[in-house]
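I have a structure here, written as structure tokens, and I will follow up with some questions on it.
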Amino acid sequence: MQRTLPALLVLAAVLPALGTAAAAAPSAPPACTTSNSTIDTPTYSGPWPDNWEISVTACAQRIGPRVRHYAIVTWDVASTIGMSTFNPSTGLQIDGHRPGRAPARTQWLDLYKPLNTGKDGHRASKVFDVRGTAAAQTSVALYLDWRNDGKDAVRYAFRASPAV
């Protein structure tokens, strides 16, 4: 019985540390893909430049039994672009999913006000997690609803992150 007590005391001292180490999920670095697009303003056909230079970075990061998804969008606008170019349904759709499958979770990043300033800028989506051990990736699509073009929002797809 005396030999058991020291062993139990050692075990009692070590178990909390093991529990903390076991609870901390291993984390891989984010896997990201950046893609760019030049988008013409369809409601302007004058002599001045009117293109939007859009860059989207889609990221997925494996953290134990879940995958973290997020995106970053940046834009440069021609100096001739005015304010109020877009309608309110303008934004970035971020999907977390397995390759070839429907999204497990989707997030919307509203870009109506930031894009309507007529200035260069950038926004990052909120981070969201999807549970599961299967490979997953982040897909991103930009929806631009041009003011006064008489059409619904136009979808511009960007490259997905690598699967993690």
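Given the options Val154, Val130, Val140, name the one that is surrounded by 14 or more Cβ atoms within 10 Å (Cβ to Cβ) and within 15 Å of Val67 (Cα to Cα).
Details: Val154 fails: within 15 Å of Val67 (Cα to Cα); Val140 fails: within 15 Å of Val67 (Cα to Cα).
The match here is Val130.
Can you name the condition, by its number, that Asp152 falls short on among (1) part of a loop (DSSP other than H, G, I, E, B); (2) more than 30 Å from Ser45 (Cβ to Cβ)?
So Asp152 meets the others, but not (2).
Based on this model, can you work out whether Tyr70 counts as at pLDDT 95 or above and either over 16 Å from the mean Cα position of the chain (by Cα) or closer than 19 Å to Tyr44 by Cα (or both)?
On the way: at pLDDT 95 or above: yes; either over 16 Å from the mean Cα position of the chain (by Cα) or closer than 19 Å to Tyr44 by Cα (or both): no.
No, not satisfied.
Show the residue pairs that are 6+ apart or on different chains and have beta-carbon atoms under 7 Å apart, the first residue being within region 128-149 and farther than 13 Å from Ala163 by Cα, the second being acidic (Asp, Glu) and not in a strand (DSSP E or B).
If the second residue must be acidic (Asp, Glu) and not in a strand (DSSP E or B), the pairs left are Asp145/Asp152.
Here is a further query. Take Ser89 and tell me if it is assigned to a loop (DSSP other than H, G, I, E, B), farther than 16 Å from Thr38 by Cα, open to solvent by 50 Å² or more (accessible area, probe 1.4 Å) and in contact with a Lys or Arg (Cβ under 8 Å, 6 or more places away or on another chain). I'd like the intermediate steps shown before the answer.
On the way: assigned to a loop (DSSP other than H, G, I, E, B): yes; farther than 16 Å from Thr38 by Cα: yes; open to solvent by 50 Å² or more (accessible area, probe 1.4 Å): yes; in contact with a Lys or Arg (Cβ under 8 Å, 6 or more places away or on another chain): no.
No; evaluated as a whole, the condition is false for this residue.
Any residue that is more than 30 Å from Pro47 (Cα to Cα), modelled with pLDDT under 95, more than 11 Å from the chain's Cα centre (by Cα) and part of a strand (DSSP E or B) - is there at least one of those in region 131-144?
Checking region 131-144: at least one residue is more than 30 Å from Pro47 (Cα to Cα), modelled with pLDDT under 95, more than 11 Å from the chain's Cα centre (by Cα) and part of a strand (DSSP E or B).
Which of the residues spanning region 96-122 are open to solvent by 20 Å² or more (accessible area, probe 1.4 Å) and within 10 Å of the chain's Cα centre (by Cα)?
Matches in region 96-122: Thr106, Gln107, Trp108, Leu109.
Can I ask one more? Return the total of residues in region 1-54 being part of a loop (DSSP other than H, G, I, E, B), of a type in the set (S, T, N, Q), exposed (fewer than 10 other Cβ atoms within 10 Å of the Cβ) and modelled with pLDDT of 75 or more. Step through it out loud before you land on a result.
Looking only at region 1-54, we keep the residues that are part of a loop (DSSP other than H, G, I, E, B), and these are 1-3, 24-26, 28-30, 41-50.
Now restrict to residues that are of a type in the set (S, T, N, Q): 2, 41, 43, 45.
Within this subset, residues satisfying the condition of being exposed (fewer than 10 other Cβ atoms within 10 Å of the Cβ) are 2, 45.
Those left that are additionally modelled with pLDDT of 75 or more: 45.
Total meeting the criteria: 1.
The values are calculated or read from the model by the stated rules, or taken from the named source; none is laboratory data. The structure displayed is predicted, hence computed values, not measured ones. Backbone-built Cβ (ideal geometry, glycine too); neighbour counts: all protein chains shown. The accessibility values were calculated without ligands, DNA or RNA, using every heavy atom of the protein model including side chains. Shrake-Rupley method; radii C 1.70, N 1.55, O 1.52, S 1.80 Å.
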